[in-house]
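Here the structure comes first, spelled out in structure tokens, and everything after it is commentary.
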Amino acid sequence: MTETTLPTTGLRSSLRHIWRDQRVWLTSAVILVTLAVFDMPQAIDSAVFSANALLQTAPFLILSIAIAAWAGATGADNLIARAFTGAPLLMIGLGALAGGISPFCSCGVIPLIAALLAMGVPLSAVMAFWLASPIMDPSMFVLTAGVLDLEFAIAKTLAAIGLGAFGGMVVHLMMKGGAFADPLREGIGNGGCGGAKVRAPKPVAWRFWAEAERRAKFGKTALSTTLFLAKWLTLAFILESLMLAWIPAETVTAALGGEGLMPIVTATLVGVPAYLNGYAALPLVGGLIEQGMAPGAGLAFLVAGGVTSIPAAMAVWALARPQVFALYIGLSLTGAFASGLLFQLWSSVL
């Protein structure tokens, strides 16, 4: 009985490991195969959309992956982590400011987020950076000013920094009560191990390529991070392509029109599932404002959608524990509504 049971148990265990390690790739494959069976043109469109989206984000992804791998191989991650130690409020403010002006997209910054959390950097400072980063960057500022106007671009930048600072403060207060001792998912990293690097830093070897062990660490980190991002972003972009194909823009327009408080509430909630992407959303919001939508509702839509867009949200889900993900979504919605309300009040005064 034992001899016949062991192979079966081993097979089940192997299948569980395969599913656990490859479930994201398998899910993407199942979606594309199902589309190919029932709607071949959409299957082709989704595959092409995902490939193009990956190519467009590739420069930021490559840069962030290289920085994360370089920091680990040289030991510069010690310096990065130490830069985030100190007065918590100051670190939260700096994290929010850095996120609001950094050129990284919401997906490209994930390797840096993982590295910071694994090194024991407080979640409060990291969350401030994390929330602010998807909303604004230098190119987005210029495009927002061109498509909408300079006032809107400045408001969106302030909303990004304000949301980051607000989120960081909430996390800081919760951490003082004992929450979020280990924010990363199992297998991605842990603050205890990384925290030792901060407490007992080792010398930095800037010429890491001169040592075989450090070269190997660079390659291993770069490969694992690339595979991690590739599988999650592929699935995210496939889902985004289906959302664009199956949710007409007219539906979004009808839901977000009008003035008053309710359009801001609606825009905040609708921004979660209906957000296209940072660049495609700007012309949509511009058209809605021309049709009578309040500017505050437009800002709430952009802020909520930017932080909770499918690629950004799935990246957070893949990296952090469910309670951190839930807080991330809650903070983004609260901050988006507050940003839209304040901008609407400001616009009405002027």
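The values are calculated or read from the model by the stated rules, or taken from the named source; none is laboratory data. Note that the coordinates shown come from a computational prediction; the quantities given were computed from them, not determined experimentally. When we count neighbours, we look across all protein chains shown, and the Cβ atoms used for this are built from the backbone with ideal geometry, even at glycine.
With a requirement of 1 or more residues that are modelled with pLDDT under 75 and surrounded by fewer than 19 Cβ atoms within 10 Å (Cβ to Cβ), the helices (runs of 4 or more DSSP H) lying completely within segment 250-350 that satisfy it span 261-274, 281-290. Taking the criterion of being at pLDDT 90 or above and aromatic (Phe, Trp, Tyr), the only residue of segment 33-56 that qualifies is PHE38. When residues in segment 89-112 are screened for being surrounded by fewer than 24 Cβ atoms within 10 Å (Cβ to Cβ) and modelled with pLDDT of 75 or more, 8 of them pass.
Taken over segment 172-224, residues that are modelled with pLDDT under 60, under 20 Å from ALA68 (Cβ atoms) and aliphatic (A, V, I, L, M) amount to 2.
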